[in-house]
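Take this structure first; my questions come after.
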Amino acid sequence: MKSNFKHILFTLVLMFAINIASAQADKKDKIDALRTTFINNKVKFTAAESQAFWPLYNEMNDKLEAVRKNFSLQYNSKTNYDFATDKEAEAYLAAELNKKQKEFELYKEYYDKFKKVLPVKKVSAVRRAEDDFKRELIKIVKEN
């Protein structure tokens, strides 16, 4: 079992490394495809579970991305975070907390939806698989 997982992980790492040279727009799609494969391999969905789960998961991620994009329109790499006034700093903190609150609410809403189409153990496994995938991506980026 561990050997199979290592083989799958190696394959994912190799696929990701090859795809690094691709265009920026393609990278997100490719990472999403790798994430899907990774989660599928970890959670072992049935066909019915997969059919019910993935549209919800993608919907949640689209909404999370919209929340993050909205925040980054105001605060991004061009922002001078050495705010001139306390009021500006307070506005930033309020916007960041608002973003995190919206993310939390979306996670809560969709975990409830996931539990309607998956056993709770698989919902938990999805969450663990997401974290494992992020760790693998970070590891790959650090190695490159």
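Would you mind getting me the FRET efficiency between residue 120 and residue 44? Use the beta-carbon distance for r and R0 = 22 Å, nearest 0.05. Show your work: numbers first, answer last.
Numbers: r = 15 Å, r/R0 = 0.69.
The calculated FRET efficiency here is 0.90.
Report the full-extension gain for the segment residue 54 to residue 93: residue separation times 0.36 nm, less the Cα-Cα distance, to one decimal in nm.
Values: separation 39, 0.36 × 39 = 14.04 nm, distance 3.33 nm.
Additional length available on full extension: 10.7 nm.
Can you give the direction-averaged projected area of the convex hull of the alpha-carbon atoms in the range 46-117, in nm²?
Numbers: hull surface 22.1 nm².
The directionally averaged projection comes out at 5.5 nm².
I want the local charge near residue 33. Using Cβ-Cβ distances under 11 Å, sum +1 for each Lys or Arg and -1 for each Asp or Glu among the other residues. Spell out each step's value before the answer.
Values: positive: 27, 28, 30, 35; negative: 26, 29, 32.
Here the charged neighbours net out to +1.
At a 10 angstrom cut-off on C-beta neighbours, averaged per residue, how do the peptides 89-98, 75-84, 111-120 rank from highest to lowest?
Highest mean packing first, the order is 111-120, 89-98, 75-84.
Here, each number is a calculation from the coordinates, and none is a lab measurement. The structure displayed is predicted, hence computed values, not measured ones. Cβ: placed from backbone, ideal geometry, glycine included. Neighbour counts: every protein chain shown.
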